[in-house]
Amino acid sequence: TGTTTTGTTHTTGDGPGEGNAALVRRWRGALMDNYGTPRLPLVRGEGARLWDAEGTRYLDYVGGIAVNALGHAHPAVVDAVSRQIASLGHVSNLFVAEPPVALAERLLQLFGRDGRVFFCNSGAEAVEGAFKIGRLTGRPHMVAATGGFHGRTMGALALTGQPGKQQPFLPLPGDVTHVPYGDEEALRAAVTEDTALVVIEPIQGENGVVVPPAGYLRAAREITRATGTLLVLDEVQTGIGRTGHWFEHQAHDGVDPDVVTLAKGLGGGLPIGATVAFGAAADLLKPGQHGTTFGGNPVACAAGLAVLDTIAADGLLENAKRAGERLRDGVENASGADGTGRHPLVSHVRGAGLLLGIVLTEPVAPQVQQAAQDAGLLVNAPAPDVVRLMPPLTLRDEEVDAFLRALPGVLDSVHQHGEGPARE
Ligand code: PMP
């Protein structure tokens, strides 16, 4: 059922369109290639399922890079967005609108603390907000973690602890020291009374789902409190139920950050980010010092409210924990060739809730990603030896089991460098 717009055929994915190859060719001619890998053209999604331009169906364990908390085309999001765009689509922060007020109130209630929210449009922007708040302390120095990822804009990139991503863009703003992630002593040694902020992820997502030792976040809180330094937790990837908690730091006792950055899952597919500041940190930004035209956009905020309401109403924090355990157990114990035991390519699974990394025994994650796609499973490879899973929080048992049934064949095909597995 192709439809024609300005002379070009588009497909809905329900029937024959112009095909995958043609769409990729047009993409090559018109878009900058920021990842440099072959692309799968996708045209439709529903729940944890996606369809390409030729009608082939996939099980989506990428989830828009941990964005689609409710899966694709969730009725609550569709309804909230439709109603909001039909009544008040955008007014800017020169005016007050109900959805951003309600979403900010709701977020603060979930944090259970007094604070204030600055809405923006992405994770990197949320981190820029935190960076500016840090500058306003008057302290010159910042501390972040090696391997950490905070975004691609210049301030966020300065905090990102991946030199390869920074190198072409030097010099970057700020006076940032990167310390090994998870190392309390290195953090203690780097943080002084000149340190404006320490920024860390509760679990490093882009670095391959790296979980710090127990007690690390609390130590970071104690170290920063002792020097009057802001503790910024980047929960862009771990927040909004992804790990089975509203925010991952809530799984750790005694960790009350000064600033939390959010994005990804918050909008259920609409672009929105948030810099949330608590206590004295909430008063550092003064009027005129920061802003953005689209921040607090009513449609994006209405989507955010629908996401939070649905997570609460449908018990999706519990589901993320439960489905995550089923998935983790299945990958560790039932990924052998006969569906039992551990596959020789699988070392172990790490992460929390539905942010999981399959750590491989060989650096073949890109090949596993491709073999999985050929078998109808979409996964992502953030590191050479890590396959990352970020399916919707709505994931059902049968969607876990379909993944687990297909996985042994996918791993075998890479391990034996043989033919790809047959589709499920
Ligand atoms: N912080 C973290 C922890 C992230 O995982 C990401 C995105 N992967 C970002 C910041 C940047 O978010 P965005 O791509 O929306 O700018």
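The values are calculated or read from the model by the stated rules, or taken from the named source; none is laboratory data. The shown structure was predicted, so the numbers you read here are calculated from the model rather than taken from an experiment. FYI the Cβ positions are ideal-geometry reconstructions off the backbone, even for glycines, and counts take in every protein chain you see.
Among (1) in a strand (DSSP E or B); (2) within 15 Å of the ligand (Cβ to nearest atom), where does residue 126 come up short?
(1)
Among the residues in the stretch 206-216, are any among the charged types (D, E, K, R) and either modelled with pLDDT under 95 or not in a loop (DSSP other than H, G, I, E, B) (or both)? Spell out the reasoning first.
Step one: filter the stretch 206-216 for residues among the charged types (D, E, K, R), giving 206.
Checking which are either modelled with pLDDT under 95 or not in a loop (DSSP other than H, G, I, E, B) (or both) leaves us with none.
No, because not a single residue in the stretch 206-216 is among the charged types (D, E, K, R) and either modelled with pLDDT under 95 or not in a loop (DSSP other than H, G, I, E, B) (or both).
I'd like the residue in the stretch 34-63 that is of a type in the set (Asp, Glu) and closer than 25 Å to residue 267 by Cα and, out of all such residues, is modelled with the lowest pLDDT. Break it down stepwise before answering.
First, pick out the residues of the stretch 34-63 that are of a type in the set (Asp, Glu): 46, 52, 54, 60.
Narrowing the set further to residues that are closer than 25 Å to residue 267 by Cα leaves 46, 52, 60.
On the way: 46: 98, 52: 95, 60: 98.
My answer is 52.
Would you check if residue 260 is assigned to a loop (DSSP other than H, G, I, E, B), aliphatic (A, V, I, L, M), within 12 Å of the ligand (Cβ to nearest atom) and in the same structural domain as residue 82 (by TED's automatic domain parsing)? Write out each step before concluding.
Values: assigned to a loop (DSSP other than H, G, I, E, B): no; aliphatic (A, V, I, L, M): yes; within 12 Å of the ligand (Cβ to nearest atom): yes; in the same structural domain as residue 82 (by TED's automatic domain parsing): yes.
Here the answer is no, as residue 260 does not meet what is asked.
Can you find a residue that is away from the ligand (no atom under 15 Å from the Cβ), closer than 19 Å to residue 203 by Cα and assigned to a helix (DSSP H, G or I) anywhere in the stretch 104-111?
First, pick out the residues of the stretch 104-111 that are away from the ligand (no atom under 15 Å from the Cβ): 104-111.
Checking the rest, the ones that are also closer than 19 Å to residue 203 by Cα come to 111.
Still in the list and also assigned to a helix (DSSP H, G or I): 111.
Yes: the stretch 104-111 contains one or more residues that are away from the ligand (no atom under 15 Å from the Cβ), closer than 19 Å to residue 203 by Cα and assigned to a helix (DSSP H, G or I).
Which of (1) closer than 17 Å to residue 151 by Cα; (2) in a loop (DSSP other than H, G, I, E, B) is the odd one out, the single condition residue 232 does not satisfy?
Of (1) closer than 17 Å to residue 151 by Cα; (2) in a loop (DSSP other than H, G, I, E, B), only one is false for residue 232: (2).
Across the stretch 70-101, which residue is farthest from the ligand (Cβ to nearest atom) among those that are of a type in the set (Gly, Ala, Ser), farther than 30 Å from residue 26 by Cβ and in contact with a helix residue (DSSP H, G or I) (Cβ under 9 Å, 6 or more places away or on another chain)? Can you show your working first?
Taking the stretch 70-101 and keeping what is of a type in the set (Gly, Ala, Ser), we get 71, 73, 76, 80, 82, 86-87, 89, 92, 97.
Adding the requirement that they be farther than 30 Å from residue 26 by Cβ leaves 76, 80, 86-87, 92, 97.
Subsequent filtering for residues that are in contact with a helix residue (DSSP H, G or I) (Cβ under 9 Å, 6 or more places away or on another chain) retains 76, 80, 87, 97.
Numbers: 76: 22, 80: 21, 87: 27, 97: 23 Å.
Among those residues, the one meeting the criterion is 87.
Specify which of the listed residues (340, 361) is at pLDDT below 95 and of a type in the set (Val, Ile, Thr).
Working: 361 fails: at pLDDT below 95.
The conditions single out 340.
Which residue out of 198, 210 is over 21 Å from residue 382 (Cα atoms), within 16 Å of the ligand (Cβ to nearest atom) and assigned by TED's automatic domain parsing to the domain that holds residue 131? Steps first, please.
On the way: 210 fails: over 21 Å from residue 382 (Cα atoms).
Matching residue, one of 198, 210: 198.
Being more than 23 Å from the chain's Cα centre (by Cα) and either without any contact (Cβ under 8 Å) to a residue 24 or more places away in the chain or assigned to a helix (DSSP H, G or I) (or both) is the filter here, so list the residues in the stretch 67-98 that pass it.
79, 82, 83, 84, 85, 86, 87, 94, 95, 96, 98
Please go through (1) in contact with a helix residue (DSSP H, G or I) (Cβ under 6 Å, 6 or more places away or on another chain); (2) not in a loop (DSSP other than H, G, I, E, B) for residue 54 and return the number of the only condition it doesn't satisfy.
It is condition (2) that residue 54 fails.
Every residue in the stretch 129-155 that is more than 15 Å from the ligand (Cβ to nearest atom) and surrounded by fewer than 24 Cβ atoms within 10 Å (Cβ to Cβ), please.
Scanning the stretch 129-155 gives 132, 135, 136, 137, 138, 139, 140, 141.
Could you pull out the residue among 407, 411, 393 that is crowded, with 22+ Cβ neighbours inside 10 Å, modelled with pLDDT of 95 or more and part of a loop (DSSP other than H, G, I, E, B)? Quick ask: steps written out before the conclusion?
Numbers: 407 fails: part of a loop (DSSP other than H, G, I, E, B); 411 fails: part of a loop (DSSP other than H, G, I, E, B).
It is 393.
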